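Trainee: Could you have a look at this structure, given as structure tokens, before my questions?
A short reminder: the numbers here are calculations on the coordinates, not readings from a lab. For clarity, every value in this text was computed on a predicted model and none was experimentally measured. Virtual Cβ from ideal backbone geometry, glycine too; neighbours counted across all protein chains shown.
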Amino acid sequence: MANELATASTLHTEDVSVWFGDRQVLDKVSLTFPANQVTALIGPSGCGKSTFLRTLNRMHELIPGAGLAGAVYLDGKDIYGENVDAVDVRINIGMVFQKPNPFPTMSIKENILSGLKLSGRKIGDSEELVETSLRRASIWNEVKDRLDDQALSLSGGQQQRLCIARSLAMNPQVLLMDEPCSALDPGSTRRIEETIEELSDSMTIVIVTHNMQQAQRVSHQTAFFLADDNTPGGVVEFGSTEDVFNRPVDARTNDYVNGHFG
Ligand SMILES: Nc1ncnc2c1ncn2[C@@H]1O[C@H](COP(=O)(O)OP(=O)(O)OP(=O)(O)O)[C@@H](O)[C@H]1O
Ligand SMILES: [Mg+2]
């Protein structure tokens, strides 16, 4: 059985608000992430970007004391709906973190197949899936002769592309990336940015970044988040990356994208 690629989906949030205990950290975030588009989430530290990202694939609810209001739709279907399995949601909407987190005791190949094994999903041709996933994450040529080596024998940049490949093996429709390059050198960063561009042909991507050049290089649209001292975070401006960076409507966006604060 061939491993067919999923098609990209549109993700849409409606008035997403978030609490930790009784402290509200996000207020009514409504954004649309169209299929095959890359969206950058930018904003100063602590404004809620990672928290928002975690509401998009139901990882938020794993945090003790986490509260949520509003809705998230994947192609019109509420991912928090009654008969929706959170594990399925996390498979369809994959996530890559700031720090590469390969399973340390597993080989490169085992890392790629780990998600499928854990979720009990059927694997068609596992050799093919390993190769396809590593190719899509632009790391195949570097690891094809050492698939049984420990994942930790890879460099940091390679580990991050391995983690991307591990997400891709689950065949997600959407990929969430939380500062995926912040621990990497410029060369590895460039390779991941190229990978993002290629992946957007087959999926929808949301990337958090503090790197303004990166946001402009990789994304089609940008959302600028901000939290004032005692108010929860929210979206100040959302539009095409071109507009947000070159013709911002809000003075705070202008200040932020030009490095005046944050
Ligand atoms: N597990 C948690 N428990 C309680 N509060 C939390 C938790 N995680 C985040 N917060 C709070 O929520 C707010 C948003 O944090 P979040 O990590 O989403 O910000 P961020 O925009 O991703 O920042 P950074 O750019 O530094 O990564 C912060 O005030 C933070 O202290
Ligand atoms: Mg964060």
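Trainee: For a Förster distance of 35 Å, can you work out the FRET efficiency between the beta-carbons of residue 84 and residue 153, rounded to the nearest 0.05?
Mentor: Efficiency for this residue pair is about 0.35.
Trainee: Give me a comma-separated list of calculated 3J(HN,Hα) values for the stretch 253-262, in order, Karplus coefficients 6.51, -1.76, 1.60 applied at θ = phi - 60°, integers in Hz, x for any Gly or Pro.
Mentor: Whole-Hz 3J(HN,Hα) from phi for the stretch 253-262: 5, 4, 4, 5, 5, 9, x, 7, 7, x.
Trainee: Please list, ordered by chain and number, the residues whose modelled amide H lies under 5 Å from the amide H of residue 26; skip anything fewer than 5 residues away on the same chain.
Mentor: 18, 233
Trainee: First check a/c for the stretch 115-262, with a ≥ b ≥ c the square roots of the eigenvalues of its C-alpha gyration tensor; if it is under 1.5, answer rounded, and if not, answer prolate when a/b is larger than b/c or oblate otherwise.
Mentor: On the way: a/c = 2.46, a/b = 2.10, b/c = 1.17.
Here the stretch 115-262 falls in the prolate category.
Trainee: Taking only the alpha-carbon atoms of the stretch 1-101, what semi-axes of the equivalent ellipsoid follow from 5 times the gyration tensor eigenvalues under a square root, in whole Å, largest first?
Mentor: 23, 16, 15
Trainee: Between residue 28 and residue 103, what length comes free when the chain is fully extended (0.36 nm per residue of separation minus the Cα-Cα distance, one decimal in nm)?
Mentor: Fully extending the segment from residue 28 to residue 103 adds 23.4 nm.
Trainee: What is the order of 135, 247, 90, 161, fewest Cβ neighbours within 10 Å to most? Spell out each step's value before the answer.
Mentor: Working: 135 15, 247 11, 90 20, 161 27.
Starting with the residue having the fewest Cβ neighbours, the order is 247, 135, 90, 161.
Trainee: Can you compute the FRET efficiency between residue 14 and residue 145 using 1/(1 + (r/R0)^6), with r the Cβ-Cβ distance and R0 = 41 Å? Round to the nearest 0.05.
Mentor: Details: r = 48 Å, r/R0 = 1.18.
Calculated value: 0.25.
Trainee: Expected output is a single nm value to one decimal: the length gained when fully extending between residue 135 and residue 246, i.e. 0.36 nm times separation in residues minus the C-alpha distance. What is it?
Mentor: 36.5 nm
Trainee: Still on this structure, please answer the following. Applying the Karplus parametrisation 6.51 cos²θ - 1.76 cosθ + 1.60 with θ = phi - 60° to the phi angles of the stretch 116-122, what ³J(HN,Hα) value in whole Hz is obtained for each residue in order, glycine and proline being reported as x?
Mentor: 5, 5, 4, 8, x, 6, 6
Trainee: Let me ask another. For the stretch 199-216, what does the Karplus curve 6.51 cos²θ - 1.76 cosθ + 1.60, with θ = phi - 60°, yield as ³J(HN,Hα) per residue in whole Hz, taken in order and with x for Gly and Pro?
Mentor: The phi angles translate into 5, 5, 5, 10, 7, 9, 10, 10, 10, 8, 8, 9, 9, 5, 5, 4, 4, 6 Hz.
Trainee: Within the set 28/117; 122/144; 99/122; 28/122; 77/144, which residue pairs have Cα atoms separated by over 32 Å?
Mentor: Numbers: 28/117 37 Å; 122/144 23 Å; 99/122 29 Å; 28/122 38 Å; 77/144 39 Å.
Where the Cα-Cα span goes over 32 Å, the pairs concerned are 28/117; 28/122; 77/144.
Trainee: At 37 °C and 0.692 mPa s, what whole-number value in µm²/s does Stokes-Einstein give for the translational diffusion of the stretch 112-166, with Rh from the Kirkwood sum over Cα pairs?
Mentor: Calculated translational D: 286 µm²/s.
Trainee: At residue 220 and residue 69, where each label point lies 7 Å from the Cα along Cα→Cβ, what is the point-to-point distance in nanometres?
Mentor: 3.2 nm
Trainee: Set the Förster radius R0 to 45 Å, insert the Cβ-Cβ distance between residue 229 and residue 4 as r into 1/(1 + (r/R0)^6), and round the FRET efficiency to 0.05.
Mentor: Once rounded, the FRET efficiency stands at 0.35.
Trainee: Continuing with this model, one more query. Roughly how many nanometres apart are two label points built 7 Å out from the Cα toward the Cβ at residue 61 and residue 198?
Mentor: Distance between label points: 3.5 nm.
Trainee: Oh, and also: For the stretch 11-257, what size does the Cα cloud have along each of its three principal axes, sorted from largest down, in whole Å?
Mentor: The Cα atoms of the stretch 11-257 stretch 52, 42, 28 Å along the principal axes, largest first.
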